[in-house]
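Visitor: Can you read through this structure? Questions will come right after.
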Amino acid sequence: MVFVGMVSVSAIIGWITTRTVTSVYEGILAAGLTAAPNPFTDVAPLYYARNSAIYVVLIGCLMAIVLGAQATLRDRKQGTSILVLTRPLAIQARLLGQLAGIGLVLATVSLVSTLISWVSIAIITGTPLGGDLTARLVGFAGTSWLLLMVFAIIGMISGLFARRESTAFLVPFVVWSGITFVLPQLGSAARPVALLNPVPAVPVAGDSFSVLSALTGPLAITEQFKTTASVLLQNDLVVGSAGAGVLVLAIFLLAGLIAITVIPRRKIRSALHD
């Protein structure tokens, strides 16, 4: 709900900004102080959805971690896993079923957010989005879902292996921080506050930075997501391929699914030490 709320607030902010700037522009134009065109006249419609990318990284990923960790922690706390293990059911099927449920929740959140963005942009621009722009918005939602599922799996695995409930949440939060803030800095030397932008950090020229960027770039999946999101949402300041980012996220998701299938049964029944 927080994530959906932030998307709604972002749309409202975009609408208020457009109305305010347009009103000021019309006043200056009427006074004969400028002949420049309205700065929002040639703005791409998907411009108003660009900030959604940072909400996915900052709020959506943490939400996915919590959902994943809670799913496996709940079984261990309530002893449900012990009962499940008495049934002729592969434990991997249980874990994949939980992941499927989380995936459905995340897909619903992504689709609702996309619908809100679509309606908001249509209201702001005064015209419904066409097929191509709608497809781009849906593609952004799908890419967001891939990223969120990766962090949901990280949360699930942490919930299975952690000895304490607090650790089950702390470890994936640290992993998220490293992926989101530490890895991008190694190849770009960007300030942490710069990584809060919805566009990826720009690599710094130089032999050492180029090598670090090449090594850490594929691992910084949040930056890969930002690049893909920027391309899909028609941000001309970002050059790259949307397909490359989607491929990287898909590989990480596949690796997570494989990791779940090889988790030993004894980890499912292990008790918490809280």
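The values are calculated or read from the model by the stated rules, or taken from the named source; none is laboratory data. What you see is a predicted model, and the numbers here were worked out from it, not measured in a lab. Note: ideal-geometry Cβ built from the backbone for every residue, glycine included; neighbour counts use all protein chains shown. Only protein heavy atoms, including side chains, enter the accessible area calculation; ligands, DNA and RNA are left aside. Shrake-Rupley method; radii C 1.70, N 1.55, O 1.52, S 1.80 Å.
Visitor: Work out the length of the dipole vector of the chain about its Cα centre, built from +1 on the beta-carbon of each Lys and Arg and -1 on the beta-carbon of each Asp and Glu, and round it to the nearest 20 debye.
Guide: 1340 debye
Visitor: Something else: From the convex hull of the Cα coordinates of the chain, what is the mean projected area in square nanometres?
Guide: 17.5 nm²
Visitor: Right, here's the next one. Could you give each residue of the stretch 145-158 its phi-based ³J(HN,Hα) in whole Hz, using Karplus coefficients 6.51, -1.76, 1.60 with θ = phi - 60°, and x for Gly or Pro?
Guide: For the stretch 145-158, the Karplus curve yields 4, 4, 4, 5, 5, 4, 6, 5, 5, 4, x, 4, 5, 5 Hz.
Visitor: Here is a follow-up. In terms of the Cα gyration tensor, with a ≥ b ≥ c the square roots of its eigenvalues, is the stretch 7-74 rounded because a/c is under 1.5, prolate because a/b exceeds b/c, or oblate?
Guide: Prolate, because a/c is 1.5 or more and a/b exceeds b/c.
Visitor: Further question: Considering only protein heavy atoms, what is the solvent-accessible area of E26 at a probe of 1.4 Å, reported in Å² to the nearest 10?
Guide: 110 Å²
Visitor: What is the percent carbon and sulfur in the accessible area of the stretch 231-274, measuring with a 1.4 Å probe over the protein chains and ignoring ligands?
Guide: Result for the stretch 231-274: 68 percent of the exposed heavy-atom area is carbon or sulfur.
Visitor: Across the stretch 99-114, in residue order, what do the Karplus-derived ³J(HN,Hα) couplings come to in whole Hz, using 6.51 cos²θ - 1.76 cosθ + 1.60 with θ = phi - 60° and x for Gly and Pro?
Guide: 5, 4, x, 5, x, 5, 4, 5, 5, 5, 4, 5, 5, 5, 4, 5
Visitor: Here's another thing I want to ask about it. Based solely on C-alpha atoms, express the radius of gyration and the Dmax of the stretch 99-147 in angstrom.
Guide: Rg then Dmax for the stretch 99-147, in Å: 12.0, 40.
Visitor: Something else about it: Compute the normalised compactness of the stretch 35-79: alpha-carbon radius of gyration over 2.2 N^0.38 Å, N being the residue count. Let's see the in-between values first.
Guide: Numbers: Rg = 20.4 Å, N = 45, 2.2 N^0.38 = 9.3 Å.
This ratio for the stretch 35-79 stands at 2.18.
Visitor: Going by a ≥ b ≥ c, the root eigenvalues of the Cα gyration tensor, does the stretch 42-149 fall in the rounded group (a/c under 1.5), the prolate group (a/b larger than b/c) or the oblate group?
Guide: The shape class here is prolate.
Visitor: Also, quick follow-up: Considering only protein heavy atoms, what per residue accessible area in square angstrom results for the stretch 73-150 with a 1.4 angstrom probe? Display every interim value, and only then the final one.
Guide: Values: 3740 Å² over 78 residues.
Per residue, the stretch 73-150 has an accessible area of 48 Å².
Visitor: Between V262 and A35, what length comes free when the chain is fully extended (0.36 nm per residue of separation minus the Cα-Cα distance, one decimal in nm)?
Guide: Numbers: separation 227, 0.36 × 227 = 81.72 nm, distance 6.62 nm.
75.1 nm is the gain from fully extending V262 to A35.
Visitor: Next question. Towards the positive end of the charge dipole of the chain, with charges on Cβ (+1 Lys, Arg; -1 Asp, Glu), say which of T17, P172, L232 has the farthest Cα.
Guide: It is P172, whose Cα lies furthest towards the positive end.
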